[in-house]
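Enquirer: Okay, handing you the structure first.
The values are calculated or read from the model by the stated rules, or taken from the named source; none is laboratory data. Quick caveat: nothing in here was measured; it's all calculated off a predicted structure. Cβ placement follows ideal geometry from the backbone for every residue including glycine, while neighbour counts extend to all protein chains displayed. Heavy atoms of the whole protein, side chains included, go into the accessibility calculation; ligands, DNA and RNA do not. Shrake-Rupley method; radii C 1.70, N 1.55, O 1.52, S 1.80 Å.
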Amino acid sequence: MAGCKQGWVCILHLFSFPVVQQWAEIFRRLIIMKKVKGEIYLPGDKSISHRAALFSSFGKHKAEFQNFNFNEDCSATLKCLESLRIQWRIKQSVLQIEGKPISEWQPSNSPLDAKNSGTTTRLLSGILANLSFKSALTGDSSLRMRPMKRILDPLKQMGAMIESNNNLLPLQFYPVEKLKNIRYKLPVASAQVKSAVLLAGLFADGQTEVIEPVQTRDHTERLLGLKIVQNADGSKSIFSSGDVEIPDLSMEIPGDFSSAIFFITAALLLPGSELLIKNISLNPTRTGFLDILKKMGAKIEQNISVDNPEPSGGLFIKHSFLKNIEIPASSIPNIIDEIPALAILASQSEGKFILRGAEELRFKESDRLKALAENLKAIGVNVTEYQDGLEITGPQSLQGGNIKSYNDHRIVMAFAIANLIAANQIKIDNPDCVNVSFPDFWDILNNIIEK
Ligand code: S3P
């Protein structure tokens, strides 16, 4: 109502359709009488956990990680390393890994299985391309459909010998003398591709340069302490070579921001909510979701208390009324895993939510644009699906109904939050697939909901 210059315009505004609809929705949510209350501490960030294990496996140190995430994805990374005879163990819930040079790694008796994990596949490929023995890498039916050309192209340019099933898994890696360095401009904004090339560069001749036109998550360069140069055209160059000393990465892994977002979403949606999330990863290349929420009007306070090697700290979230915005295409790599939760919020926020330039979502654990559009329609939301995005005008009430998980953990968690405010239950076909990233999801959700 700010901006109303004349009283009668304000009164008309009060009775306009979106405002009436919003008040009806708020009233309905107050009747639900659920709210989010409390303090939580979440399992370690998935991207950092994968990297902690992988990078320590060829370092000189015996590294120790508190709060390592033993979800299905990161366990797949550990299992692959074990098959290559890297020793690790869990002592009082701390992961210990003893690294050794890749020249001392041993062949696996069977194909390495990345299960559902794209990060395991793409990062490990950068290392497998350098081994002095043959290896094979495969995964579950969803991973076997995900594009691998994006890593095969640069690795082959470096001289790697890799056979694939038409650029899909399974991949067969053959030993080569030594890879050669390349200068590679990322054709797709992907931290996994960037990391695969940089990892391969650690064992290649000379210096490998990856040029990143759009910033993606920077855990690889932070953890390995790689050289970074800001280019005049706004892109960044990141360098790796055999001269890089692998540091002792021992640390307490901060909580997973991409898991926290589901509870942030619940707190924003339920009137009366207040939630404190402690020791959460606040790496700025991951927290674009917070920047967008703040633009939408969210009451969120963040406080970074640790900066090195990974920023982390506390987040405090209060229920807020949000207004939809058009999402800038440049922020998409920074919110790529958060879009399922954002779409649920958009359906409850006032005005038009426009997401374009997000075609990458079609290549995740499921085709997330299709999964979101179909499932939102299934629970009564009017949504437009584009080849590269979604458009939703909110607020709309969620009727409930049956939705398909597409065996995608983030789709399940997003609709579990939608279920908190739906008129009727939202039934999800495979709730257990949250185990891929967040096995404790359902327990923590039950603990923070006050009725
Ligand atoms: C990840 C990078 C992102 C993200 C994935 C984890 C990583 O994938 O979606 O969940 O740890 O590097 P892309 O690099 O394919 O965008």
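Enquirer: Any idea how far apart residue 352 and residue 440 come out in nm if each label point goes 7 Å out from Cα toward Cβ?
Expert: The answer from the label model is 4.3 nm.
Enquirer: Taking the simple approach of a point 7 Å from Cα along Cα-to-Cβ for both residue 362 and residue 104, what is their distance in nm?
Expert: Here the modelled spin labels are 4.7 nm apart.
Enquirer: Separate question: Could you tell me how many cubic angstrom of Cα convex hull volume the stretch 150-279 has per residue?
Expert: Dividing the Cα hull volume of the stretch 150-279 by its residues yields 165 Å³.
Enquirer: Quickly work out the residue 141-to-residue 302 label distance, labels modelled 7 Å from Cα along the C-beta direction, and quote it in nm with one decimal.
Expert: Going by the 7 Å Cα→Cβ label model, 3.8 nm.
Enquirer: Return one quarter of the surface area of the convex hull spanned by the alpha-carbon atoms of the chain, equal to its mean projected area, in nm².
Expert: Value for the chain: 21.9 nm².
Enquirer: If you take the charge dipole of the stretch 46-250 about its Cα centre, with +1 on Lys and Arg Cβ and -1 on Asp and Glu Cβ, which of 188, 201, 101 is farthest toward its positive end?
Expert: About the Cα centre, the residue reaching furthest to the positive side is 188.
Enquirer: Could you work out what % of the accessible surface of the chain is carbon and sulfur, using a 1.4 angstrom probe and leaving DNA, RNA and ligands out of the count?
Expert: Taking all protein chains in place, the chain shows 51 percent carbon and sulfur surface.
Enquirer: Now, a different point. When N is the residue count of the stretch 46-250, what does its C-alpha Rg come to as a fraction of 2.2 N^0.38 Å?
Expert: For the stretch 46-250, the normalised Cα radius of gyration is 0.95.
Enquirer: To the nearest 20 debye, what is the magnitude of the charge dipole of the stretch 46-250 about its Cα centre, counting +1 on the Cβ of each Lys and Arg and -1 on the Cβ of each Asp and Glu?
Expert: 220 debye
Enquirer: Rounded to the nearest 0.05, what FRET efficiency do residue 237 and residue 153 have when you use their Cβ-Cβ distance and R0 = 25 Å?
Expert: Between residue 237 and residue 153 the formula returns 0.85.
Enquirer: Quick check on the chain: helices-only [θ] at 222 nm, where DSSP H runs of length 4 and up contribute -39,500 (n - 2.57) each and the sum goes over total residues. Nearest 500, please.
Expert: -10000 deg cm²/dmol
Enquirer: Can you work out the accessible area per residue across the chain, with the rest of the protein chains kept in place, probe 1.4 Å, in square angstrom?
Expert: The answer is 41 Å² per residue.
Enquirer: Taking every Cα atom in the stretch 352-451, find the radius of gyration and the maximum pairwise distance Dmax, and write them in Å.
Expert: Spelled out, the Cα radius of gyration and Dmax of the stretch 352-451 are 13.7, 40 Å.
Enquirer: Once the whole set of protein chains is in place, how much accessible area is left on residue 40, using a 1.4 Å probe, in Å² to the nearest 10?
Expert: Spelled out: residue 40, probe radius 1.4 Å, area about 20 Å².
Enquirer: So the label point goes 7 Å from the Cα of residue 132 along Cα→C-beta, right? Which residues of the stretch 37-66 then have their backbone N under 17 Å from it?
Expert: 58-59
Enquirer: Same structure, new question: Over the chain, what is the percentage of antiparallel beta bridges among all DSSP beta bridges, to the nearest 5? Before the final figure, lay out each step's value.
Expert: Working: 51 of 70 bridges.
Restricted to the chain, the bridges split so that about 75 percent are antiparallel.
Enquirer: How big is the C-alpha Rg of the stretch 296-383 next to the rule-of-thumb value 2.2 N^0.38 Å, as a ratio?
Expert: Relative to the rule-of-thumb radius for its length, the stretch 296-383 sits at 1.25.
Enquirer: Still on this structure: Name the long-range amide H neighbours of residue 94: under 5 Å, sequence gap of 5 or more, or other chain; modelled H, no Pro or chain starts.
Expert: none
Enquirer: Tell me which of 430, 351, 387 sits at the most positive position along the dipole axis of the stretch 329-443, charges placed on C-beta atoms (Lys, Arg +1; Asp, Glu -1).
Expert: About the Cα centre, the residue reaching furthest to the positive side is 351.
Enquirer: Separate question: Hey, quick one: spin label on residue 211, modelled 7 Å out along Cα-Cβ, who in the stretch 164-202 has an amide N within reach, i.e. under 14 Å?
Expert: Only 182-188 pass the distance filter.
Enquirer: Positive end of the dipole of the stretch 46-250, charges at C-beta (+1 Lys, Arg; -1 Asp, Glu), about the Cα centre: which of 169, 130, 66 has its Cα farthest in that direction?
Expert: Result: 169, furthest along the dipole toward the positive end.
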